[in-house]
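The block underneath contains the structure these notes are about, expressed in structure tokens.
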Amino acid sequence: MSHPSKQKGNRYEREIVKQAQEAGIEAERAWGSNGRALGFHEEVDCLLHVSEELKLRIQAKVRKKIAQHLKPSVFVDMQVIKEDRGESLAVIRYKDLLEILAMLNTNQP
């Protein structure tokens, strides 16, 4: 049997794929959590097929606790964060991202 943290990560990857599929977005998990199984870098855990042109590579990380200042509050749609001299990153609730992607997918010609 694999390590408990590996099992937790695998469960989370399956959850990501299931939620995407429930939102109408084709999704798959890399075999063994290794993106090379999907033809990508080994850090890719899941792949969302939003459209023929748009495929999003996901690395899934699950932690016991995430810093409160990184989480979007109930009053905003996303949190944008940046380290000094770094690039901006958007933290968005996954369900909200799936809604946006599903809308984009249905607006395809």
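Six or more apart or on different chains, Cβ atoms under 9 Å: show the pairs whose first residue is in segment 54-78 and free of Cβ contacts under 8 Å to residues at least 60 places away in the same chain and within 24 Å of Lys8 (Cα to Cα) and whose second is surrounded by 13 or more Cβ atoms within 10 Å (Cβ to Cβ) and aromatic (Phe, Trp, Tyr).
Within 9 Å, the pairs are Arg57/Phe40; Ala60/Tyr12; Lys61/Tyr12; Val62/Tyr12.
Could you figure out which of (1) farther than 19 Å from Arg11 by Cβ; (2) part of a strand (DSSP E or B) isn't true of Leu48?
Tallying (1) farther than 19 Å from Arg11 by Cβ; (2) part of a strand (DSSP E or B), Leu48 fails exactly one: (1).
Can we say Ser88 is over 18 Å from Ala27 (Cα atoms), of a type outside the set (Asp, Glu) and modelled with pLDDT under 95?
So Ser88 does not fit the description; no.
Mind counting the residues in segment 62-100 that are touching a helix residue (DSSP H, G or I) at 6+ places or on another chain (Cβ under 8 Å) and under 29 Å from Gly39 (Cβ atoms)? First the steps, then the outcome.
First, the residues of segment 62-100 that are touching a helix residue (DSSP H, G or I) at 6+ places or on another chain (Cβ under 8 Å): 62, 77-79, 81, 91, 94-95, 98.
Okay, now just the ones that are also under 29 Å from Gly39 (Cβ atoms), so 62, 91, 94-95, 98.
Final tally of qualifying residues: 5.
Could you tell me which of the residues Ala20, Ala27 is hydrophobic (A, V, I, L, M, F, W, C), in a helix (DSSP H, G or I) and either surrounded by fewer than 18 Cβ atoms within 10 Å (Cβ to Cβ) or at pLDDT 95 or above (or both)? Let's see the steps before the verdict.
Working: Ala27 fails: in a helix (DSSP H, G or I).
On inspection, the qualifying residue turns out to be Ala20.
A quick yes/no check of all residues on (1) closer than 16 Å to Gln21 by Cβ; (2) not hydrophobic (A, V, I, L, M, F, W, C):
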residue: Ala60; (1), (2): yes, no
residue: Lys65; (1), (2): no, yes
residue: His69; (1), (2): no, yes
residue: Val76; (1), (2): no, no
residue: Val80; (1), (2): no, no
residue: Arg85; (1), (2): no, yes
residue: Ile92; (1), (2): no, no
residue: Lys95; (1), (2): yes, yes
residue: Met103; (1), (2): no, no
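What are the pairs with Cβ atoms under 6 angstrom where one residue, in segment 26-42, is closer than 18 Å to His3 by Cβ and touching a residue at least 24 places away in the same chain (Cβ under 8 Å) and the other, located anywhere, is open to solvent by 70 Å² or more (accessible area, probe 1.4 Å) and of a type in the set (Asp, Glu)? Sequence gap at least six, or different chains.
none
Considering segment 71-109 alone, what residues qualify as being touching a strand residue (DSSP E or B) at 6+ places or on another chain (Cβ under 6 Å) and open to solvent by less than 70 Å² (accessible area, probe 1.4 Å)? Break it down into steps so the answer makes sense when it comes.
To start, the set of residues in segment 71-109 that are touching a strand residue (DSSP E or B) at 6+ places or on another chain (Cβ under 6 Å) comprises 72, 78-81, 88-92.
Selection gives Pro72, Gln79, Ile81, Ala90, Val91, Ile92.
The values are calculated or read from the model by the stated rules, or taken from the named source; none is laboratory data. Quick caveat: nothing in here was measured; it's all calculated off a predicted structure. Glycine gets a Cβ as well: all are built from the backbone with ideal geometry, and neighbour counts include every protein chain shown. What goes into the accessible areas is simple: the full protein's heavy atoms, side chains included, and nothing from ligands, DNA or RNA. Shrake-Rupley method; radii C 1.70, N 1.55, O 1.52, S 1.80 Å.
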